[in-house]
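Report on one structure; see the data block that follows.
The values are calculated or read from the model by the stated rules, or taken from the named source; none is laboratory data. Everything numeric here is computed off the predicted structure, so don't read it as measured data. For neighbour counting, all protein chains shown are included, and Cβ atoms are generated from backbone atoms with ideal geometry for every residue, glycine included. Heads up: the accessible areas ignore ligands, DNA and RNA and are worked out on the full protein's heavy atoms, side chains in. Shrake-Rupley method; radii C 1.70, N 1.55, O 1.52, S 1.80 Å.
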Amino acid sequence: MSPSTTIIRDQWYVAAYAAEIGTELFARTICDEPLVFFRAEDGEVVALADRCVHRRYPLSKSRRAEGDRIVCGYHGFTYDRTGACVAVPAQTRIPRSARVAAYPVVEQDSFVWVWIGDPESADATAIPRAPWLVADGWTTLRGLQTIQGRHALLMDNLMDLSHETYLHGGHIGTPEVAETPIVTEVDETAGVVRVSRHMDDAQCPPFYAESTGLTGRITRWQDIEFQPPCLYRLHSRIAPQGQYPPAGYRPGVDHDRDPGAFHTEIVYALTPETEHSVHDFWMVARDFAIDDPKVTDYLHDSNHTVVMQDVVALNLVEQTVAEDERRLGGVRELTINIDTGALAARKLMTRLARAQADADAEAAAARA
């Protein structure tokens, strides 16, 4: 079966880093919806549909006015922060239908989250957390690439880290990553997939050797938590070989109980741009050498290289999958043990898609 291209609405997605949004108009397409963002006079982030109702001119190509208003750059239709049109040219009467959609927004953990779907369903408490990105004692580097491939391909890539050995050798991959079996768990209630790979005796890849100074064999843990559809957290722990965390250690939680190790929290936000493209927000937070700019520069350059290797690979896979779908009407896949995390994530995505379809059907019936 081909990887899905379904966009699931009524979900929270990362639309931007908080630092990207200022007082100027900012455009980004999320879930096939062109949006315009700006930071209002009170500091809150506003998200509106990026199309004037009159002639579909992009509001992001227009101008800000006093009172948190946008004046369309084509004919001057003016909108407030709620999306309501408050002025039109050459007349005083404003048509009742003259408004653009406004989207719920939450700023949290250095992200701007936007709710794509029915605003009445937006529950900010459901947004997953990544507290290390803004916590004391940590420093974070980040970037963004837009992949010309469907969301499912990036999800598969991140859920199966065995590809590090082959695609990212010389950076983060070593033979042990592909050789070590994984443990996959699914928390159906929380909607979280967990994939763990604990390596007792592994090479230290350059990504960590250059940043920590470790040169010998290491104990390396990779513990993934993915909460579909958007937030992926990789709790990474390395220490000299044979040095294990204390009993009951919880990856991503108990860093303070494991002072002899180096911890990185690698976070991705997977936000569909369209059915065949995805915004790949990537972050690396660390609790070591936090004031060393050389380590920061090295890790940023190294991780950017790794991400671009993924971009090239996934762009290529999207092209081949799309071509084979056209030629063959679909793609049959072979799956093995390393795919259990990705398959579990796909299952949760399918459940979200079915719930969305049911909600859409109920809404259509209510309107009939």
Requested in this report: Could you tell me which numbered condition Leu161 fails, if it satisfies all but one of (1) open to solvent by less than 30 Å² (accessible area, probe 1.4 Å); (2) within 20 Å of Phe37 (Cα to Cα)?
Outcome: (2)
Report task. Scan the range 51-72 for residues that are open to solvent by less than 50 Å² (accessible area, probe 1.4 Å) and either more than 22 Å from Ala15 (Cα to Cα) or more than 29 Å from the chain's Cα centre (by Cα) (or both) and report the count. Result -> 4
Query raised in the report: Would you call Asp136 more than 20 Å from Gln227 (Cβ to Cβ) and free of Cβ contacts under 8 Å to residues at least 12 places away in the same chain?
Result: yes
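So that you can scan it fast, the table gives a plain yes or no per residue for (1) of a type in the set (Ser, Thr, Tyr); (2) open to solvent by less than 50 Å² (accessible area, probe 1.4 Å); (3) modelled with pLDDT under 95:
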| site | (1), (2), (3) |
| --- | --- |
| Cys31 | no, yes, no |
| Gly43 | no, yes, no |
| Val46 | no, yes, no |
| Ala49 | no, yes, no |
| Gly76 | no, yes, no |
| Gln91 | no, no, yes |
| Arg99 | no, no, no |
| Val114 | no, yes, no |
Report summary line: Checking Glu275, Glu265, Glu333, Glu325 in turn, the sole residue that is in contact (Cβ under 8 Å) with a residue 60 or more places away in the chain and surrounded by 16 or more Cβ atoms within 10 Å (Cβ to Cβ) turns out to be Glu265
Query raised in the report: Among the residues of the range 16-46, which ones are without any contact (Cβ under 8 Å) to a residue 40 or more places away in the chain and over 21 Å from Tyr57 (Cβ atoms)?
Result: Gly22, Arg39, Glu41, Asp42, Gly43
Requested in this report: Report whether or not Gly137 is open to solvent by 30 Å² or more (accessible area, probe 1.4 Å), modelled with pLDDT of 95 or more and outside any strand (DSSP E or B).
Outcome: yes
Requested in this report: Identify all residues within the range 188-206 that are closer than 26 Å to Ala345 by Cα and either open to solvent by 50 Å² or more (accessible area, probe 1.4 Å) or not in a strand (DSSP E or B) (or both); write none if there are none.
Outcome: Glu188, Thr189, Ala190, Gly191, Arg194, His198
Query raised in the report: From the set of residues in the range 4-16 that are out of contact with any Ser or Thr (no Cβ under 6 Å at 6 or more places or on another chain) and not in a loop (DSSP other than H, G, I, E, B), which is most open to solvent (accessible area, probe 1.4 Å)?
Result: Gln11
Query raised in the report: If Gln243 passes every condition in (1) surrounded by fewer than 15 Cβ atoms within 10 Å (Cβ to Cβ); (2) under 30 Å from Arg150 (Cβ atoms) but one, which one does it miss?
Result: (2)
